[in-house]
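J.: The structure under discussion is supplied below as structure tokens; questions concerning it will follow.
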Amino acid sequence: MKKREVNLENIILTYLPWLLSAITLWMTYLQGDMNKAAWVIGLVGQLGWFVLTFVSGLYGLLPLNIGLTILYARNYLAWKDKEKLCNENKSLD
């Protein structure tokens, strides 16, 4: 059995997918609760996905990384604007 060399690349390739999976599940759970923090958590997670994409050399993930980053930012801003509008309408009542 060949012993794997312990270096940053191996640590990233071994453990980062597990962490990113947990972050994605947590983000999705928060989305179900209509919590706008979900989008911020998603954006933070995307940083990890970009790291994993480049370290692993799986450049086919780049369109997904870029697309999700744009969508998460857009959704955060949309939810923030909607929340602001709802709060303004409540203050008019």
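The values are calculated or read from the model by the stated rules, or taken from the named source; none is laboratory data. Keep in mind it's a predicted model, so treat the numbers as computed, not measured. A quick note on method: Cβ atoms are made from the backbone with ideal geometry, for glycine too, and the neighbour counts reach across all protein chains shown. Keep in mind that these areas ignore ligands, DNA and RNA; they rest on the heavy atoms of the full protein, side chains included. Shrake-Rupley method; radii C 1.70, N 1.55, O 1.52, S 1.80 Å.
J.: Where only protein heavy atoms count, and the probe is 1.4 Å, what is the accessible area per residue for the chain in Å²?
T.: On the way: 7070 Å² over 93 residues.
Dividing the accessible area of the chain by its residue count gives 76 Å².
J.: Still on this structure: For the chain, calculate the relative contact order in percent as a whole number, restricting contacts to Cα pairs under 8 Å that are 6 or more residues apart. Spell out each step's value before the answer.
T.: Values: 53 pairs, mean separation 25.0, N = 93.
Contact order relative to length: 27 percent.
J.: Can I ask one more? How about the chain: which GluC sites (Glu not before Pro) there are in a DSSP loop, with at most 14 other Cβ atoms within 10 Å of their Cβ? Write out the running numbers ahead of the final one.
T.: Numbers: sites: E5, E9, E83, E88; in loops: E5.
Sparse-neighbourhood loop GluC sites (Glu not before Pro): E5.
J.: A further question on this structure: Over all directions, the average projected area of the alpha-carbon convex hull for the range 5-87 comes to how many nm²?
T.: Working: hull surface 22.6 nm².
Average projection, Cα convex hull of the range 5-87: 5.7 nm².
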